[in-house]
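Just so you know, all these numbers are worked out from the coordinates, no wet-lab data involved. The structure presented is a predicted model; accordingly, all values stated were derived computationally and were not measured. Neighbour counts are summed over all protein chains in view; Cβ atoms, including those assigned to glycine, are modelled from backbone coordinates with ideal geometry.
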Amino acid sequence: MFMQFILEGVSLSQNKWDSAHWGKRYQIRNEWFEMIKLKYGTSGMTHKCDVRVVRVSKRLIDPCNVMSALKPVIDGFVEYGWLRGDRCRDIVITTDQRKCLKDEEPYLEITINKL
């Protein structure tokens, strides 16, 4: 099974996420959750999955920050059943990033493959 999701906007870098007030982090988390639910609804994934995330943004960030900044996004996919969980036994995550093309808006491309 292969599923692809496109979410407008990009996750914050870990540096910005860590320095944000807890209330702001909670707000950002809820915005990702709402976007996932409104755009894709719910599912009932029961298998381990391979998750590939491509962060398309105007500026590239430290590769380590890409992974850690995805926590609220991955949690949203778990919350609405698109992923069984976010533990090592539930998912394998890989990330990549690229700069936006001219006239392209930032987004996250999430691909989920059942293992």
| task | Mind counting lysine pairs for me in segment 46-115? Cα separation below 29 Å, and the two need to be 8 or more apart along the chain or on different chains. | result | 9
| said: Compute the distance from the alpha-carbon center of segment 77-115 to that of segment 1-37, in whole Å. | reply: 12
| field | Degrees separating the helix 22-40 axis from the principal Cα axis of the chain, which is the longest one | value | 50
| remark: The farthest towards the positive end of the charge dipole of segment 2-114, of the residues Pro106, Pro63, Phe5, given +1 on Cβ of Lys and Arg and -1 on Cβ of Asp and Glu, is Pro63
| remark: About its Cα centre, segment 47-115 carries a charge dipole, from +1 on Lys and Arg Cβ atoms and -1 on Asp and Glu Cβ atoms, whose size in debye to the nearest 20 is 180
| Which cross-chain or sequence-distant (5 or more) residues have an amide H under 5 Å from the amide H of Gly81, H modelled 1.01 Å from N in plane? | Ser43
| said: Cut-off 15 Å, label point 7 angstrom out along Cα-to-Cβ of Lys58: give me the residues of segment 92-115 whose amide nitrogen falls inside. | reply: 99-107
| task | Send over the semi-axes of the chain's equivalent ellipsoid, whole angstrom and largest first, taken as the square roots of 5 times the C-alpha gyration tensor eigenvalues. | result | 22, 17, 14
| How far, in nm, would the chain grow between Ser19 and Thr46 when pulled straight, counting 0.36 nm per residue and subtracting the alpha carbon separation? | 6.2 nm
| note | log10 I(q)/I(0) for segment 1-48, Debye formula on C-alpha points only (no solvent), q = 0.18, 0.25, 0.31 Å⁻¹, two decimals, reads -0.72, -0.99, -1.18
| said: So for the chain, averaging the separation of alpha carbon pairs under 8 Å that are six or more residues apart and normalising by length, what relative contact order in percent results? | reply: 47
| request: Determine ³J(HN,Hα), in whole Hz, for all residues of segment 52-63 in sequence, where each value follows from phi through the Karplus function 6.51 cos²θ - 1.76 cosθ + 1.60 and θ = phi - 60°; x replaces Gly and Pro. | output: 10, 10, 10, 9, 9, 9, 6, 9, 7, 10, 3, x
| field | DSSP-defined antiparallel bridges as percent of all bridges, segment 2-114, nearest 5 | value | 60
| chymotrypsin sites (Phe, Trp or Tyr not before Pro) restricted to segment 34-115 and DSSP loop, no more than 11 other C-beta within 10 Å | none
